[in-house]
Amino acid sequence: MKLFGKNFLLLFLLWSLISSGQEKVVIFSINDMHSRIENFSKIKPLIDKEKRMGNKVFFVSAGDIFSGNPIVDNYSEKGFPIIDLLNRTGLDISVIGNHEFDYGQSVLSDRIAQANFPFICANFSGGKGELSNVKGFEIIEKDGFSVAYIGAVETGNFGRYPLTHPKKVKDLFFTNPIKVFENYEKINENSEIDLVIALTHLGKSGDEKILENFNYIDLVIGGHSNHIYGKKYKNGYMIMSGKNLEMISKTTMSVYEGKIIDFLFEKIDLSNEGLEKDQNIELLIQKYKDSPSLYKKIGYSSVNHTKGETGCFYTKAIRETTNVDIVIQNNGGIRGTLKKGVITPIDIYTIDPFGNGLDNFLITPAELSFFLKKYNKKYSISSRLNIKQKTSGSIEVYRNGVEIADDEKISLAMNDYISNTYSEYLPEPLYSYPSTTAEYLIEFLNNHVGEKLNFENCSDF
């Protein structure tokens, strides 16, 4: 009994010693919000409540704060409403996601200048350009507790670029987003840093690779693949928090001598109307949403369309408006569906949010066949010609029942994201149209006032 008592006392003293050196840290995290602003008023009360409890509280973003909401994308200063709301909510730091580049480098530079928080990204160089001041990492300190955040963005596009329009990242240089963490391994030697966090926009598999290869990373807060999880992996932890500001994650950790010794991940559903709202932020959201021109009637759909059927609408509308033979549209560029009822500009900008331009080509059937073989993405196509797929994978093209020879030209239009990304498989564009693809969709609807659209069970051709 005496031995048990001594052991218990030693354990108690040891636990007391550890407990006295523990830090309780709370991290609120969001990712891939894509300019959704509706739930912002519910975030600040959550963070403020936690701060009143005396914890070290951080609020971070794992990228793609822009691109996907017409209210924000078409604001006079593109993207500013998101920066304004994040400033007022108290964001501490954000990694640059691939869609941060969608507005172009100059606009991104302006938004970074307006932010009360830093943007980071370690695997790109802005050279001497407008993004040259973006750092690879930042140290954020709260009440004597310091966290080093290291940022990285995916490079899944051709030429090791992020998945954005190639024109928007011209003259930027990107490196391997996993290998770049080799450059920061000595950061752990800084005795003033209590925790090292990889703040990434790589997706789940990329985050796993970081923890598999770098023991000095305590936690990966990720985005891009829109997963929801908070878990231990290898020698660290990893979290991701969904998409579209549908939820925010709350991660509570006990940290002792630079190590996470307790970890609790919670999902908070921001659609919950029982959550407290910050009324000043709620009023600001309503102000940003007050844009009557986005809600005027420009058309009517008689049915709910699937994504494939929306692709049929999209390509036919572009083909008719531009008067070309064939239009091709990547399915990944269609971000919404055509729903039954009144169609407004906000519906069109939701379907087509990227502000892409449109290129025109004169192309032979042989060149078109070559491009389609190389283009390995899903797409929608509208043609006033008859296109037949051969068993070999090549195509035959007929006009009025007569096959078009391989050296004859047909007219083709496609958005300039495709034409720039896959330029090596295409001839030079004949010219570029003056308006965006979304504006041509709106023009099509204005030319069909009073008609009820129905693309049910449409075929690709």
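The values are calculated or read from the model by the stated rules, or taken from the named source; none is laboratory data. All of these numbers come straight from a predicted model, not from anything done at the bench. Counting neighbours? That spans all protein chains shown, and the Cβs are built from the backbone with ideal geometry, glycine included. Side chains included, ligands, DNA and RNA excluded: accessible areas come from the protein's heavy atoms. Shrake-Rupley method; radii C 1.70, N 1.55, O 1.52, S 1.80 Å.
Taken together, the residues in the range 280-318 that are under 27 Å from the mean Cα position of the chain (by Cα), farther than 30 Å from Lys44 by Cα and not polar (S, T, N, Q) amount to 10. Against the test of being in contact with a Ser or Thr (Cβ under 9 Å, 6 or more places away or on another chain), over 30 Å from Gly79 (Cβ atoms) and buried (at least 18 other Cβ atoms within 10 Å of the Cβ), the options Phe370, Phe354, Phe361 yield a single qualifying residue, Phe361. Within the range 170-192, the residues that satisfy the criterion of being modelled with pLDDT of 95 or more and among the β-branched types (Val, Ile, Thr) are Thr175, Ile178, Val180. Only a single criterion out of (1) in a loop (DSSP other than H, G, I, E, B); (2) in contact (Cβ under 8 Å) with a residue 60 or more places away in the chain; (3) open to solvent by 40 Å² or more (accessible area, probe 1.4 Å) is not satisfied by Thr164, namely (3).
Look at the range 53-70: where a residue is of a type in the set (Asp, Glu) and a partner is in a loop (DSSP other than H, G, I, E, B) and open to solvent by 10 Å² or more (accessible area, probe 1.4 Å), sitting 6+ places away or on another chain with Cβ atoms under 8 Å, you get Asp64/His34; Asp64/His224.
Of Ile37, Ile43, Ile47, Ile30, all but one fail to be under 14 Å from the mean Cα position of the chain (by Cα) and of a type in the set (Val, Ile, Thr); the exception is Ile30.
For the subset of the range 41-62 comprising residues that are of a type outside the set (Val, Ile, Thr), open to solvent by less than 10 Å² (accessible area, probe 1.4 Å) and in a strand (DSSP E or B), which member is nearest to Met240 (Cα to Cα)? Among residues in the range 41-62 that are of a type outside the set (Val, Ile, Thr), open to solvent by less than 10 Å² (accessible area, probe 1.4 Å) and in a strand (DSSP E or B), the one nearest to Met240 (Cα to Cα) is Ser61.
Among Lys135, Lys142, which is the only one that is touching a strand residue (DSSP E or B) at 6+ places or on another chain (Cβ under 7 Å), without any contact (Cβ under 8 Å) to a residue 40 or more places away in the chain and within 26 Å of Val25 (Cβ to Cβ)? Explain how you work it out, then say what you get.
Details: Lys142 fails: without any contact (Cβ under 8 Å) to a residue 40 or more places away in the chain.
Of Lys135, Lys142, the one residue that is touching a strand residue (DSSP E or B) at 6+ places or on another chain (Cβ under 7 Å), without any contact (Cβ under 8 Å) to a residue 40 or more places away in the chain and within 26 Å of Val25 (Cβ to Cβ) is Lys135.
Could you tell me whether Ala413 is in a strand (DSSP E or B), within 25 Å of Gly104 (Cβ to Cβ) and under 27 Å from the mean Cα position of the chain (by Cα)? For Ala413, the condition - in a strand (DSSP E or B), within 25 Å of Gly104 (Cβ to Cβ) and under 27 Å from the mean Cα position of the chain (by Cα) - is met. Here the helices (runs of 4 or more DSSP H) wholly within the range 63-146 that include at least 2 residues being of a type in the set (S, T, N, Q) and surrounded by fewer than 23 Cβ atoms within 10 Å (Cβ to Cβ) are 80-89, 105-114.
State the number of residues belonging to the range 380-407 that are of a type outside the set (A, V, I, L, M), part of a loop (DSSP other than H, G, I, E, B) and free of Cβ contacts under 8 Å to residues at least 40 places away in the same chain. Even if it seems obvious, please write down each step before you answer.
Residues of the range 380-407 that are of a type outside the set (A, V, I, L, M), as a first pass: 380, 382-384, 386, 388-394, 396, 398-401, 403, 406-407.
Then keep just the ones that are part of a loop (DSSP other than H, G, I, E, B); that gives 384, 390-394, 400-401, 406-407.
With the extra rule that they be free of Cβ contacts under 8 Å to residues at least 40 places away in the same chain, the set shrinks to 390-394, 400-401.
Within the range 380-407, residues that are of a type outside the set (A, V, I, L, M), part of a loop (DSSP other than H, G, I, E, B) and free of Cβ contacts under 8 Å to residues at least 40 places away in the same chain number 7.
Give the range 296-312 a look and list any residue that's within 17 Å of Phe444 (Cα to Cα) and either of a type in the set (A, V, I, L, M) or open to solvent by 30 Å² or more (accessible area, probe 1.4 Å) (or both), or say none. Once the filter is applied, which keeps residues that are within 17 Å of Phe444 (Cα to Cα) and either of a type in the set (A, V, I, L, M) or open to solvent by 30 Å² or more (accessible area, probe 1.4 Å) (or both), the range 296-312 yields Lys296, Lys297, Ile298, Tyr300, Ser302. Of all residues in the range 313-325, those that are open to solvent by less than 50 Å² (accessible area, probe 1.4 Å) have Cβ atoms under 6 Å from Cβ atoms of residues that are assigned to a helix (DSSP H, G or I), 6 or more apart or on another chain, in Ala317/Leu441; Ala317/Phe444; Ile318/Tyr440; Thr321/Tyr440; Thr321/Glu443; Thr321/Phe444.
What do you reckon, is Ile228 closer than 25 Å to Asp262 by Cβ, hydrophobic (A, V, I, L, M, F, W, C), open to solvent by 70 Å² or more (accessible area, probe 1.4 Å) and touching a Ser or Thr at 6+ places or on another chain (Cβ under 7 Å)? Yes: the conditions hold for Ile228.
Exactly one residue among Glu396, Glu403 is open to solvent by less than 80 Å² (accessible area, probe 1.4 Å), more than 33 Å from the chain's Cα centre (by Cα) and over 22 Å from Val169 (Cα atoms), and that residue is Glu396.
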